[in-house]
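Visitor: Here it is, the structure, as structure tokens.
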Amino acid sequence: MASAAASASVTGAPCQQNAHDVGSNGAAVHSFKASNMVIEMSQTPKPKPEMTGLAFGTVFTDHMLTIEWSSGEGWQKPHIRPFGNLSLHPACSSLHYAVQLFEGMKAYRGQDNRVRLFRPMLNMNRMLKSAKRACLPSFNEAELLECIRKLVEVDQEWVPYSDNASLYIRPTYLGTEASLGVKRPSRALLYVILSPVAAYFSTGAKAVSLWADCKYIRAWKGGTGDCKMGGNYGASICAQYEALDYGCQQVLWLYGDDHQITEVGTMNLFLYWTNEDGEEELATPPLDGIILPGITRQSILELALKWDRFKVSERYLTMGDLQRALKENRVTEMFGSGTACVVCPVSRILYQGEALELPCAEDGSSLASRIMKELTDIQYGRTASDWNFEV
């Protein structure tokens with residue numbers, strides 16, 4: 001499946017390809033086993049990159065994880081192998097019908113030199129949900145997490161020795177059915193690649209500007225907006241470049257005749273304001289099938305509820321709500337959240353020809369700054385938390 005490379009091989013126990021496991025929902029599933037893993041170490045390790053000026057997702061580690069599935073044989077043994085190209089049939093269903101999904105998570109190196117993953121089981125659960133929506137075979141989330149843990153352990157020297165960088169983990173799952181029929185694929189490939197990364201945005205932690213227009217729609221009721229599928233993102237690229245033409249860095253996705261605020265770029269969105277009832281509130285759109293259930297989003301909600309300093313809500317917000325609040329000086333700040341950026345403040349929104357200026361503190365006093373610090377303190381091990389999973 002990957003390109004050939006000189007390697008040494010370590011083989012695990014015989015694979016129980018169709019052994020029953022119990023998934024997180026208690027149901028029996030057929031799954032691969034991490035204990036059956038085959039490891040082939042690269043004999044030509046690559047030099048580690050300088051993190052300064054490194055573009056996001058452009059450099060990859062020495063190894064990758066691949067796990068193949070077929071309807072006739074079930075799951076094959078997980079395989080850690082030297083990083084290389086995939087070999088795919090030209091009629092493969094992922095290329096023609098977007099039978100494909102992915103996840104995004106990170107490994108962080110703390111000052112104690114320990115490597116940690118941040119709430120990785122939430123990523124595994126979301127990936128399984130996306131797989132069911134794409135008609136790809138189920139797997140045991142804990143087994144996949146252990147496979148990923150082992151891959152990161154093998155390439156642990158690629159985890160940056162920095163509290164401003166991390167190792168991005170990209171699990172990917174695609175149908176490899178070699179036919180042009182629109183159907184459930186009879187073959188599939190689950191693979192994981194790793195990439196050392198610095199800041200996601202070229203502006204670093206600085207605030208971004210948004211283009212809000214109902215010309216394009218990211219997701220709709222009954223669609224796949226709550227799944228992490230490649231098609232959701234590929235279809236957004238045209239709008240992203242149009243936003244740049246308007247002098248904005250990201251798209252603020254709107255939905256419905258009332259122009260509901262949904263997501264920003266590839267991030268969930270939060271509004272910290274005084275609401276219509278005079279309450280101090282942190283609000284974010286609800287998970288109604290349109291919004292991606294972000295791990296950072298969930299973590300922010302849980303942190304804010306634990307603080308118990310203001311109202312925390314999952315509620316619908318419209319551009320009309322935002323315009324009125326800005327005119328009445330009720331907006332404190334707005335920010336996006338996601339694995340790649342963690343937290344990103346919003347400074348301006350271009351909407352219907354009007355530039356809406358949002359308050360944006362740059363002295364570290366904002367709620368976004370506090371959330372960023374609390375989350376990164378956990379991720380880099382400066383604060384002990386059961387959200388961390390040690391490699």
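The values are calculated or read from the model by the stated rules, or taken from the named source; none is laboratory data. Because the structure is a prediction, the values reported are computed rather than measured. All Cβ positions, even for glycine, are placed from backbone atoms using ideal geometry, and neighbour counts span all protein chains on display.
For (1) over 21 Å from Asp226 (Cα atoms); (2) of a type in the set (A, V, I, L, M); (3) touching a residue at least 40 places away in the same chain (Cβ under 8 Å); (4) out of contact with any helix residue (DSSP H, G or I) (no Cβ under 9 Å at 6 or more places or on another chain), each residue gets a yes or a no:
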| residue | (1), (2), (3), (4) |
| --- | --- |
| Arg109 | yes, no, yes, no |
| Asp112 | yes, no, yes, yes |
| Arg126 | no, no, yes, no |
| Lys129 | no, no, yes, yes |
| Leu174 | no, yes, yes, no |
| Ser179 | yes, no, yes, no |
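Visitor: Could you say whether any residue in the range 109-131 is among the acidic types (Asp, Glu) and in contact with a Phe, Trp or Tyr (Cβ under 6 Å, 6 or more places away or on another chain)?
Guide: No, every residue in the range 109-131 fails to be among the acidic types (Asp, Glu) and in contact with a Phe, Trp or Tyr (Cβ under 6 Å, 6 or more places away or on another chain).
Visitor: Turning to a different aspect of this structure: Assess whether Ser94 counts as being touching a Pro at 6+ places or on another chain (Cβ under 9 Å), modelled with pLDDT of 95 or more and of a type in the set (Ser, Thr, Tyr).
Guide: Yes: the conditions hold for Ser94.
Visitor: So in the range 324-353, with the set limited to residues that are polar (S, T, N, Q) and within 25 Å of Lys373 (Cα to Cα), which one is surrounded by the fewest Cβ atoms within 10 Å (Cβ to Cβ)?
Guide: Among those residues, the one meeting the criterion is Ser347.
Visitor: Among the residues of the range 86-100, are any within 27 Å of Gln43 (Cα to Cα), hydrophobic (A, V, I, L, M, F, W, C) and outside the structural domain of Lys373 (by TED's automatic domain parsing)? Spell out the reasoning first.
Guide: We begin by selecting, within the range 86-100, every residue within 27 Å of Gln43 (Cα to Cα); these are 86-88.
Cutting the leftovers down to hydrophobic (A, V, I, L, M, F, W, C) gives us 86, 88.
Applying the additional criterion that residues be outside the structural domain of Lys373 (by TED's automatic domain parsing) yields 86, 88.
So far as the range 86-100 goes, yes, one or more of its residues are within 27 Å of Gln43 (Cα to Cα), hydrophobic (A, V, I, L, M, F, W, C) and outside the structural domain of Lys373 (by TED's automatic domain parsing).
Visitor: Okay, moving on. Read through the list (1) more than 26 Å from Tyr168 (Cα to Cα); (2) free of Cβ contacts under 8 Å to residues at least 60 places away in the same chain; (3) in contact with a helix residue (DSSP H, G or I) (Cβ under 8 Å, 6 or more places away or on another chain); (4) hydrophobic (A, V, I, L, M, F, W, C), then give the number of the only condition that Val342 fails.
Guide: Only one criterion is unmet by Val342, namely (1).
Visitor: Follow-up. Look at the range 30-85 and say how many of its residues are surrounded by 18 or more Cβ atoms within 10 Å (Cβ to Cβ), in a strand (DSSP E or B) and either of a type in the set (Val, Ile, Thr) or modelled with pLDDT under 95 (or both).
Guide: Final tally of qualifying residues: 4.
Visitor: Same structure, new question: Give me a count of the residues in the range 93-123 that are over 17 Å from Thr383 (Cβ atoms), surrounded by fewer than 22 Cβ atoms within 10 Å (Cβ to Cβ) and in contact with an Asp or Glu (Cβ under 8 Å, 6 or more places away or on another chain).
Guide: 1
Visitor: Of the residues Leu287, Leu252, which single one is aliphatic (A, V, I, L, M), touching a residue at least 12 places away in the same chain (Cβ under 8 Å), crowded, with 19+ Cβ neighbours inside 10 Å and outside the structural domain of Met127 (by TED's automatic domain parsing)? Before the answer, list the steps.
Guide: On the way: Leu287 fails: crowded, with 19+ Cβ neighbours inside 10 Å.
On inspection, the qualifying residue turns out to be Leu252.
Visitor: A follow-up question, please. Of the residues that sit in the range 333-391 and are out of contact with any Gly (no Cβ under 9 Å at 6 or more places or on another chain) and of a type in the set (S, T, N, Q), which one is farthest from Asn123 (Cα to Cα)?
Guide: Restricting to residues being out of contact with any Gly (no Cβ under 9 Å at 6 or more places or on another chain) and of a type in the set (S, T, N, Q), the top hit is Gln352.
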